[in-house]
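The values are calculated or read from the model by the stated rules, or taken from the named source; none is laboratory data. Source: prediction; values computed, not measured. FYI the Cβ positions are ideal-geometry reconstructions off the backbone, even for glycines, and counts take in every protein chain you see. To get the accessible areas, we keep the full protein, side chains included, count just its heavy atoms, and leave off ligands, DNA and RNA. Shrake-Rupley method; radii C 1.70, N 1.55, O 1.52, S 1.80 Å.
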Amino acid sequence: MRDKMESSLQIAKVTFKEIMQDRVLYGALICGILLMAFSVLVSSLAVIKKDRVILDFGLMVVHFFCAFIAVFYSSHVLAKEKERKTIFLVLSRPVTKLQFLLGKVFGVTQVVFVNWLMFCLFYLMTLFAFGGGFSGVLIWALVLAFFQSILLACVAVFFASFSTATLSLMFSLGVYLLGSNISQIRFVAEKSESNFYHTLLDICSYIIPNMEFFQLGLNVSYGLPVSYLFGVVGIIYALCLSAVLLLFSSYFLMRQES
């Protein structure tokens, strides 16, 4: 068991180093920080509650760019290995496909964590500098944004296990957008007069990962409290669904190899 974990951690280490050398990562980081700085300019145009503009806009930036980094690099990690043919070299050793995928996801997760931490620090400093408040719901919102990124990384790896990097990126972004509107999909399903569309939309709302668990924008804006249990359930949901997606990914990777 220890040897298996060491193999995954070694793959994660190599993946982390490769991604940290990529210029796209630093471009995304700079764009995110500039957008947060832009929120200060926008808040100066607001008539009332200028700190709320920074609060809402900054949280949106953290969500979006962490999700983008997770999806973009998770979509490309397998594609690069396939192009270089190194995936066959790695899997020829006593390394299972699940260990290989775990290592890749761990590597991407480390990259996301570093960027998430930098986004959060800059966001909180900007918020405090312009009179913003600090609350427990804000911390939960930032923590759940990170676990949403982990889930999206696994979604992207899942699609990349049987498709190209471009298709994986498109599918993953589609899941992110649809998953962020699960309540609207269910609302349309209830209002639909067709039994077929009602059933179809209802099934989709349960199959697509519910990203609304991790998006507490309204709670943060209006200061609505979030229970400790809600946050823990959201984290468990992300980790369990990520594990299921990795299992399916290893299966499709095995079928593709054979």
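Given a 1.4 angstrom probe, I'd like the percentage of the accessible area of the chain that is carbon and sulfur, rounded to a whole number. Carbon plus sulfur share of accessible area: 71 percent. Build a GNM of the chain with springs between Cα atoms under 10 Å apart, and of L216, L229, L127 the one that fluctuates most is L229. Count the lysine pairs in the chain that are 8 or more places apart or on different chains: how many have C-alpha atoms under 29 angstrom apart? Summing the qualifying lysine pairs gives 23. Rounded to the nearest 20 debye, the dipole size of the chain about its Cα centre is 580 debye, using +1 on the Cβ of Lys and Arg and -1 on the Cβ of Asp and Glu. Helices in the chain that qualify as membrane-span-like (whole DSSP H runs, Cα extent of at least 24 Å along the helix axis, mean Kyte-Doolittle hydropathy of 1.6 or higher) are 23-45, 136-160.
Protein heavy-atom accessible surface, 1.4 Å probe, per residue over the chain: 54 Å².
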